[in-house]
Amino acid sequence: YKGFYIGRYEVGEDNVITQYKEPSASLIWSKAYENAKSIDVGSASVSYLCSSYARDTALNFIQNNSEFTTYASTRDDGKNGTPINENWEDKSVTYKNENGEDATKAAGTTRLPTGVTTAKCNIYDMGGNVAEFTTELNPLTNGDNDATVLLRGGCYSGTAAGVSPAGSRWDVVSDDANDCRGFRATLF
C-alpha cells in the first residue's frame, strides 16, 4: 500500500535486524544513516533510517492497539498492572536469553540484546535500551546551536534521556557517539 514497515528490533551489530544481537551503537548520526540505507532487504524494497513520523506512527499504533495506552508519554505499567519490561538504568530487567533461559540485568548496568524487552504490538525496545537516531533534524530554536540531530526514546545509561519514555525527543551533536545511541530502520 506504499506505506512502510518499522524495524521490529533495534539494528544489531553487523547491520542486522534480529533478536539477541548487541545493539549497533557507538556510532555517529551519519554512520547510522549510512548503515540503515545499506541493510540488505532484497530488490523490491529499500531500507532507511527511521523518521520521527514513522516512530510516532508506531507509538500511536501501540497506544491504540494494546494495554500500553500511555507508552509514548510515561514510564508506567500496562493498563492491567503488567510491568513494562524496558531497559532503563534504574530498572532490573528479567528476560529470556537466546537459549530460552531466564536472565536478569541488574539496575545500574548495561544495555540488553535486541528484542528482549516486552513486545508492544510485536515491536521491541522503543522505550529503553538505546536511544535511536532519526532523520529528524533539530531546528536549532532552543539556543543549542551545535545539537543538530534528534534521538528518540530512552536509553539504559544515566543521561537525562535515561529515564525517558518511548516518545521522548532529545537533541544531540551529530558527530558525537556513545554506547547509548543506536538506530532503528524502516522498510519502504
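Condition first: more than 15 Å from the chain's Cα centre (by Cα) and hydrophobic (A, V, I, L, M, F, W, C). Can you find one or more residues in the stretch 11-31 that meet it? For the stretch 11-31, residues more than 15 Å from the chain's Cα centre (by Cα) and hydrophobic (A, V, I, L, M, F, W, C): present. Close contacts from the stretch 12-34, counting a first residue that is more than 23 Å from Leu137 (Cα to Cα) and open to solvent by less than 20 Å² (accessible area, probe 1.4 Å) and a second that is polar (S, T, N, Q) and at pLDDT 90 or above, with Cβ to Cβ under 6 Å and a gap of 6+ residues or different chains, come to Gly12/Ser24; Gly12/Thr114.
The number of residues in the stretch 52-71 being open to solvent by 20 Å² or more (accessible area, probe 1.4 Å), at pLDDT below 90 and not acidic (Asp, Glu) comes to 3.
Taking the criterion of being of a type in the set (A, V, I, L, M) and more than 15 Å from the chain's Cα centre (by Cα), the residues of the stretch 103-119 that qualify are Ala103, Ala106, Ala107. Looking across the stretch 32-71, the residues that are over 19 Å from Ile123 (Cα atoms) and touching a Phe, Trp or Tyr at 6+ places or on another chain (Cβ under 9 Å) come down to Ala32, Tyr33, Asn35, Lys37, Ser45, Val46. If the condition is being within 14 Å of the chain's Cα centre (by Cα) and surrounded by fewer than 17 Cβ atoms within 10 Å (Cβ to Cβ), then the stretch 35-51 contributes only Ser51. One residue stands out in the stretch 106-120 among those that are open to solvent by less than 40 Å² (accessible area, probe 1.4 Å) and more than 17 Å from Gly12 (Cβ to Cβ): the one that is modelled with the lowest pLDDT, namely Thr118. Taken over the stretch 124-153, the criterion of being open to solvent by 20 Å² or more (accessible area, probe 1.4 Å), modelled with pLDDT of 85 or more and either assigned to a strand (DSSP E or B) or touching a helix residue (DSSP H, G or I) at 6+ places or on another chain (Cβ under 8 Å) (or both) is satisfied by Thr135, Glu136. The residues of the stretch 50-73 that are among the small types (Gly, Ala, Ser) and outside any loop (DSSP other than H, G, I, E, B), listed by number, are Ser52, Ala54, Ala58.
The values are calculated or read from the model by the stated rules, or taken from the named source; none is laboratory data. Predicted, not measured: the structure shown is a model, and the values here were computed from it. Heads up, the Cβs are rebuilt from the backbone with ideal geometry, glycines too, and the neighbour counts pull from every protein chain shown. The protein model used for the area step is the full one, side chains on, heavy atoms only, and it has no ligands, DNA or RNA in it. Shrake-Rupley method; radii C 1.70, N 1.55, O 1.52, S 1.80 Å.
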